[in-house]
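Read through the structure below, which is laid out as structure tokens, and then see the notes.
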Amino acid sequence: MTTPAVHKLRELQKSLYEKAYADAHSLVGRSSRQLLAYQRKFEASLPKNNERTTLAELLDDMRTKQFLLFGDFHTLRQSQRGLLRLLRAYTERLRTNKIVIALEMFKAINQDEIDGYLRGAIPEAEFLQDIDYATDWGFPWQNFKMILDFARARRLPVIGVNSDNGGKDLLEVRDRFAAQKLVAAAKKYPEHKIVCLIGEHHLADEHLPQALAREMKRLGKKPLSLLRVLNNVDRYYFDLKRETSHNTTEYLRLKRDMYCIMNSPPWMKWHSFSVWEEMRSAGIPAVAEQEGEVDSDADLYTEDAFDVDYQFLHFVKNLSLFLGVALDASDMESFRILFSQEGAFFDDAGGLAGLPSVEARRIVNRAAADGVHFLPRSKTVLLTNISMNNLAEASGQYLHTLLGRFDDSTGDLESDFGRRIIKYAVGMVASKILNPRRKCMELHHHRQFLRRFKGRKVTGASLERRQVAAAVLSFDRWFEQRMADTHPPANFLTRGPIIVDRRTDFQVSREIGQMLGAALYKKLIANKVPPQRLARLFRSRLRSEVSLWRELTSLYRLLKD
């Protein structure tokens, strides 16, 4: 039975989807209209029924097939990440690297350049220029680069399967060409599985699968052994009835040898398309440099092509509607967003007003590490990575500040640690409401990390992560013993068993808060807590240490129940 909270969440997702879908289709140019026409034809060919399955069953089916076609939505990072996760799971489970990765993004005539790049003989910038990536493909480079990084690390062959004219050729021509290249790869690598990432419209029965079958028959090969995997198909997302439709990733069997992976709400898919179209229209290249590792759930945007304030306010309004709270328009728009990939926020004193320089630097470092940091006192969002999850998180924290006049900076170590836990819990709940597929570190992830690095000497980021994991688990053991207390213990950070220092306490509070927020969200959609509990969290003022302690223990009980 669908719970009231799930019904309300589904209505919100539908509203976001309808807006994103309409925006995407209003922006398309002539070439993209052809792409969307293929999309409609593809969707019309999809099976009407589906049933839930598991990753294990998908991997078992994948093991028996010679070819795997993975349907790609080119502008959505979670689409490419879905293939990457599947490849990792397959290679680790079967302990094999016998995989050939075939990519539509590359023309077959560029095979020498592809091989040179994977060997490290051609620098990235030169490689992208040599293959004319921005013109011939043009979709966000970082989304696809992670697949090439995986192939390079595992020494997997990568081939291009696009025709010489690429998107200028008819779909039928490109399907025939790709089929020829895939069958040729199977002949060259007879012991390998041929995995092809290609636009999902190619996966309709009469498109690439039919072309593959004909090519195999033409060459007198054995019958086609093929598995098709789609992802984030709009129809199936809204067909999901049970509460588990809000899991981070789900696997659906559509029919024999055909699956669908759901790892992102469909509004994010169409929104990513709109942003790409806006970037392309503005002449902004899709191969801009991106320093460091990006958020696993992030789409890559630039400030010039993306109206950050508009999207942030859109999220705030949707969250307030979901919570059933009314806000004055002037109050709702009292935020400021500062964006700098380099974390150069000190040039604008207003963003860090009233903070000592040491504390300000710690906050900037957190913004750089997390991609986002919200300052309740000045209602300022510091962004170093513009993503939907980061904006959703900050919008929830901003709404909490408006409703509860919340502040996480009192000058007291223990109080501020606890208040940040609440702030991060609010941020995670907000981002889960807007993106139910968002992932979150849980206690067992921290235990797994510690087991993996037990007895090993680590430095740098791995050392800090190990310290954070140990502190999170220590806090968990300590807090579980004190949930019955009505008042907070004194000096629990400085004298208690929790090992937290001024270098890691922001990260520890973030990890704990996000776990608590995810736990509240799970209970909400399972109808184990009423929607009013969520509204109460957003309205919580936490004026005293006792009220803060009670809120923390209330959330922690949800984690443990």
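The table for this structure:
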quantity	calculated
Computed label-point distance, nm, for sites residue 330 and residue 49 using a 7 Å Cα→Cβ extension	6.0
Rounded accessible area of residue 547 (nearest 10 Å², 1.4 Å probe)	40
Cα gyration tensor shape for region 56-126, rounded if a/c is under 1.5, else prolate or oblate	prolate
Amide proton proximity set for residue 408, modelled H, under 5 Å, gap of 5+	377
Per residue accessible area of the chain, 1.4 Å probe, in Å²	44
Against the rule of thumb 2.2 N^0.38 Å, how large the Cα Rg of region 157-249 comes out	1.30
Solvent exposure, largest accessible area first (probe 1.4 Å, DNA, RNA and ligands not counted), of 511, 442	442, 511
Nearest-0.05 FRET efficiency for residue 134 and residue 96, computed from C-beta distance (R0 45 Å)	0.80
Label-point gap, in nm, between residue 314 and residue 188 - each point 7 angstrom along Cα→Cβ	4.3
Per-pair calculated FRET efficiency, R0 = 25 Å: residue 248 and residue 60 via Cβ, rounded to 0.05	0.70
Most to least accessible of 270, 137 (protein chains only, probe 1.4 Å)	137, 270
Nearest-10 value in Å² for the accessible area of residue 196, using the 1.4 Å probe	0
Accessible area of residue 149 in the full protein assembly, 1.4 Å probe (Å², nearest 10)	60
Per-pair calculated FRET efficiency, R0 = 41 Å: residue 526 and residue 486 via Cβ, rounded to 0.05	0.90
Ellipticity estimate at 222 nm from DSSP helix runs (n ≥ 4, -39,500 (n - 2.57)) divided over the chain, nearest 500	-17000 deg cm²/dmol
Gain upon complete extension [residue 413, residue 153; 0.36 nm per residue less C-alpha separation]	89.3 nm
Among 403, 436, 392 - extreme Cα towards positive end, dipole of the chain, charges at beta-carbon	436
Reachable aspartates and glutamates from residue 107, criterion Cα separation under 15 angstrom, eight or more residues apart if same chain	115, 130, 132, 136, 164, 169, 175
Vicinal HN-Hα couplings computed from phi for region 373-379 (Karplus, 6.51 cos²θ - 1.76 cosθ + 1.60; Hz; Gly/Pro x)	8, 9, 9, x, 4, 9, 6
Rounded to 5, percent antiparallel among DSSP beta bridges of the chain	30
Heavy-atom accessible surface of the chain: percent carbon and sulfur, 1.4 Å	48
Estimated vicinal HN-Hα couplings, Hz - region 258-266 in sequence order (Karplus 6.51, -1.76, 1.60; Gly, Pro = x)	8, 10, 9, 9, 10, 9, 7, x, x
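The values are calculated or read from the model by the stated rules, or taken from the named source; none is laboratory data. Please read these numbers as outputs of a predicted model, since none were measured by experiment. Glycine gets a Cβ as well: all are built from the backbone with ideal geometry, and neighbour counts include every protein chain shown. Ligands, DNA and RNA are excluded from the accessible area calculation, which covers all protein heavy atoms including side chains. Shrake-Rupley method; radii C 1.70, N 1.55, O 1.52, S 1.80 Å.
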